[in-house]
Protein chains: 2
Amino acid sequence: MTTPAALRPVCVLGLGLIGGSLLRALHDGGHEAFGYNRSATTVAEATADGYDASDDLTATLRRAAAADAVVVLATPVTTLAPLVQAVADHAPDVLLTDVVSVKQSVATIIAETYPGARFVGGHPMAGTSRSGWTATDPNLFRDAMWVVMTEDSTTVDDWLAVAAIARATGAAVVPAAADAHDRAAAAISHVPHLTAAVTAAVGGGESDLALRLAAGSFRDGTRVAGTAPALQRAMIEANRIAVLNALSEIIDRLVNARDDLRDTGTVEVLIDDGHRARQAYAAVANGPMEPIVDVEIGAAGWQEELRRQGHLGRVWLG
Amino acid sequence: MTTPAALRPVCVLGLGLIGGSLLRALHDGGHEAFGYNRSATTVAEATADGYDASDDLTATLRRAAAADAVVVLATPVTTLAPLVQAVADHAPDVLLTDVVSVKQSVATIIAETYPGARFVGGHPMAGTSRSGWTATDPNLFRDAMWVVMTEDSTTVDDWLAVAAIARATGAAVVPAAADAHDRAAAAISHVPHLTAAVTAAVGGGESDLALRLAAGSFRDGTRVAGTAPALQRAMIEANRIAVLNALSEIIDRLVNARDDLRDTGTVEVLIDDGHRARQAYAAVANGPMEPIVDVEIGAAGWQEELRRQGHLGRVWLG
């Protein structure tokens with residue numbers, strides 16, 4: 001199913017949790033992969049662990065250009081523009097992808113910074129609340145979903161090259177357009193960070209007694225509030241419109257639940273809706289992955305057909 | 001530290017997750033414990049596993065009266081009244097406690113049903129999203145917090161008898177008044193069920209693509225939404241006033257975050273507050289338990305002093 005033979009060299013810019021784990025997954029899998037990080041400390045840690053890393057951005061990009069590597073942007077969205085400018089300056093012909101958790105903002109930054117870039121965005125749905133090189137894990141992406149941007153303008157070779165990186169880490173590929181990705185990510189990732197934060201803030205503000213009594217519901221429900229605030233803000237604020245829409249729905253439903261509880265003494269609607277949705281999620285998460293079928297990548301309308309099947313929750317394992 | 005020798009026989013009414021786990025913990029610890037459940041199937045399961053259980057409520061209560069057992073109410077709050085009436089009819093002199101997740105409502109039900117009852121309420125902070133006898137676990141309460149109601153009218157012998165049950169299961173005792181317990185429980189348990197439900201409902205309503213992409217933040221943040229709706233509603237609706245207060249604070253903070261994001265593009269306040277609260281929780285949860293000190297149970301004002309130290313997050317291990 002995977003096609004490691006087709007994998008081109010990969011250059012990872014940014015060796016935090018996601019970028020560092022990607023470098024490790026590819027290298028450990030026998031693929032040519034090298035990385036850059038602006039912190040010499042991180043580079044020293046990666047090098048000591050046996051990985052090919054440098055803190056010289058220009059030299060790294062020149063090497064990527066010479067090797068026709070796929071360059072992966074793996075820094076927070078707020079720091080992308082100067083990296084993209086460096087790509088334009090030192091490796092203008094390479095294929096670019098990224099692992100950032102928003103897709104429309106990244107496309108906009110690239111279009112504004114380097115309009116001629118060859119770019120197929122990506123987003124692996126994996127993470128932990130820890131960060132930095134010491135948190136990296138070559139198995140982080142195993143069986144994870146890796147969204148690969150699939151627009152009408154996406155070319156076959158570039159799409160396959162990015163999808164091959166995802167597959168080489170053990171992830172399944174989910175084709176989607178940038179706006180559909182961003183709506184989904186707001187609903188199942190960005191807004192859950194906000195509900196975790198508000199749950200933590202209200203619980204923690206009650207009393208030391210409350211914190212002492214906190215058990216499983218509080219521990220699990222607030223886990224992601226422990227993620228570094230800068231990382232949380234970077235992804236939420238870069239997906240502002242989709243987050244605003246989903247957050248407004250959260251507020252509306254909570255207001256309705258409060259009014260129900262105050263006026264009729266029941267929270268039946270919200271609890272039942274939440275339970276049904278959790279059961280639906282569990283069925284998807286615990287069930288077998290449904291593969292995308294009957295699409296020839298490159299045939300007329302292949303991008304639209306991949307998106308259509310991706311919208312149904314199917315994954316590409318080719 | 002524990003005083004198993006002082007433990008009196010225990011009669012558990014209701015053998016679901018909490019009651020069944022309590023019966024198992026006490027029996028497995030070598031203590032005299034027997035139980036009642038209205039479902040013959042559950043009784044058969046418990047008996048097959050080697051526990052002393054019956055589906056005859058009257059006979060069970062007569063046995064409890066003869067043994068001077070402590071009777072533990074371990075059914076949902078909505079089904080307590082007829083049980084308390086049966087206690088009044090068949091075991092009027094026994095000491096009653098409970099394991100229900102709200103304390104003021106239970107006290108009211110008992111006061112209205114059987115005003116002469118000897119009652120010291122309790123609430124072990126433990127659970128899973130599974131339910132029924134098959135979910136029971138004799139280690140469920142190990143290192144958990146077990147709130148024991150500590151009012152000015154509480155007598156020494158009754159308080160110690162209930163605290164001894166908690167200690168025999170491996171739990172730590174947290175003394176609190178019913179209203180303080182209910183406020184804390186709303187903030188760190190009941191409202192987290194509502195935020196889990198709304199997170200699940202909004203995420204699950206987006207698309208199959210969204211459910212397919214859901215990863216750790218959604219999985220953990222919605223876990224308790226998988227609890228049986230009737231159990232969730234029973235605890236939330238029985239703690240209506242405290243839940244309304246905490247839920248209103250949740251809504252106010254989310255509205256402020258939405259306005260901030262819309263008007264200034266930032267969610268800094270909410271994310272920072274949530275992160276700080278989660279760090280404070282982690283420090284309490286991962287740190288050593290601070291024991292209650294310098295209180296002689298029974299000395300003048302002992303109840304108030306226990307409550308004062310409990311409010312600071314200290315636990316009774318005597």
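Under a 5 Å amide H to amide H cut-off, with H placed in plane at 1.01 Å, what residues pair with A:Met125 once short-range neighbours are removed?
A:Met145, A:Trp146, A:Val147
Measuring from a point 7 Å out along Cα→Cβ, what nm distances, shortest first, does A:Pro92 have to its partners in the other copies?
Sorted ascending, the copy-to-copy spacings read 9.8 nm.
Provide the descending list of Cα extents for the range A:94-152 along its principal axes, expressed in whole angstroms.
35, 23, 20
Which value results when the Cα radius of gyration for the range B:196-318 is divided by 2.2 N^0.38 Å?
Compactness ratio reported: 1.47.
Placing +1 at every Lys and Arg Cβ and -1 at every Asp and Glu Cβ, with all other atoms neutral, what dipole size does the range B:122-164 have around its Cα centre, in debye to the nearest 20?
340
So what J values fall out for the range A:89-106 if you push phi through Karplus, 6.51 cos²θ - 1.76 cosθ + 1.60 with θ = phi - 60°, rounded to Hz, Gly and Pro as x?
Taking θ as phi minus 60°, the curve returns 6, 10, 8, x, 9, 5, 7, 9, 9, 8, 10, 7, 7, 10, 10, 5, 4, 5 Hz for the range A:89-106.
For Cα pairs less than 8 Å apart in space and 6+ apart in sequence, what is the mean separation divided by the residue count of chain B, i.e. the relative contact order in percent? Could you put the intermediate results ahead of the total?
On the way: 518 pairs, mean separation 56.2, N = 318.
Worked out over chain B, it gives 18 percent.
I'd like the distance separating the alpha-carbon centroids of the range A:152-168 and the range B:198-247, in whole Å.
Each part's Cα centre sits 36 Å from the other's.
What is the Cα radius of gyration of chain B over 2.2 N^0.38 Å, N being its residue count? The partial results should precede the final answer.
On the way: Rg = 20.9 Å, N = 318, 2.2 N^0.38 = 19.6 Å.
Ratio of Cα Rg to 2.2 N^0.38 Å: 1.06.
Quick one: with label points 7 Å out along Cα→Cβ, list the inter-copy distances for B:Leu312 in nm, shortest first?
List, nearest first: 6.4 nm.
Hey, what do the phi angles of the range A:62-78 turn into as Karplus ³J(HN,Hα) couplings, whole Hz, using 6.51/-1.76/1.60 and θ = phi - 60°, x for Gly and Pro?
Taking θ as phi minus 60°, the curve returns 5, 5, 4, 5, 5, 8, 6, 6, 7, 9, 9, 7, 10, 10, x, 4, 5 Hz for the range A:62-78.
Quick one: order A:Met149, B:Met145 by neighbouring beta-carbon count within 10 Å, fewest to most. If you can, show how the numbers build up before the last one.
Working: A:Met149 27, B:Met145 23.
So the ranking, lowest neighbour count to highest, is B:Met145, A:Met149.
To the nearest 20 Debye, how big is the dipole of the protein assembly as shown about its Cα centre, given +1 on the beta carbon of each Lys and Arg and -1 on that of each Asp and Glu?
360
Rounded to the nearest Å, what's the spacing between the alpha carbon centres of the range B:280-318 and the range B:70-145? Just the number, please.
23
How about the range A:201-291: which trypsin sites (Lys or Arg not before Pro) there are in a DSSP loop, with at most 14 other Cβ atoms within 10 Å of their Cβ?
Working: sites: A:Arg212, A:Arg219, A:Arg223, A:Arg233, A:Arg240, A:Arg253, A:Arg258, A:Arg262, A:Arg276, A:Arg278; in loops: none.
Listed in order of number, the matching sites amount to none.
Return P(r) of the protein assembly as shown (all Cα-Cα pairs; 20 Å bins starting at 0; whole %; ordered from short to long distances).
So the P(r) values, bin by bin, are 19, 43, 27, 10, 0.
I need to check one value: relative contact order of the range B:182-286, counting alpha carbon pairs closer than 8 Å and at least 6 residues apart, in percent.
Relative contact order comes out at 30 percent.
Of B:Leu73, B:Leu22, B:Tyr114, which is farthest on the positive side of the dipole of chain B, counting Cα position, with +1 on Lys and Arg Cβ, -1 on Asp and Glu Cβ, and the Cα centre as origin?
Positive-most Cα among the choices belongs to B:Leu22.
When Rg is the radius of gyration of the Cα atoms in the range A:1-113 and Rh is its Kirkwood radius, what does Rg/Rh come to?
0.95
Order these by the 10 Å Cβ neighbour count, fewest first: B:Asp260, B:Asp182.
Least to most surrounded, the residues fall as B:Asp260, B:Asp182.
For the range B:1-120, what's the relative contact order in percent, using C-alpha pairs closer than 8 Å and at least 6 residues apart? Numbers along the way, then the final one.
Details: 196 pairs, mean separation 28.6, N = 120.
RCO, the range B:1-120: 24 percent.
Taking a point 7 Å out from Cα toward Cβ as the label site, list the nm distances between A:Thr47 and the same residue in every other copy, smallest first.
7.4
Ranked by Cβ crowding within 10 angstrom, fewest neighbours first, how are B:Ile292, A:Ile241, B:Ile165 ordered?
A:Ile241, B:Ile292, B:Ile165
Between B:Asn286 and A:Ala285, what is the spin-label point distance in nm, taking each point 7 Å from the Cα along the Cα→C-beta axis?
2.3
Bear in mind these aren't lab numbers, they're just calculated from the coordinates by the rules spelled out. Note that the structure is a prediction, hence the values are computed from the model and not measured. Positions of Cβ are generated from backbone atoms using ideal geometry, with glycine treated the same way; all protein chains shown enter the neighbour counts.
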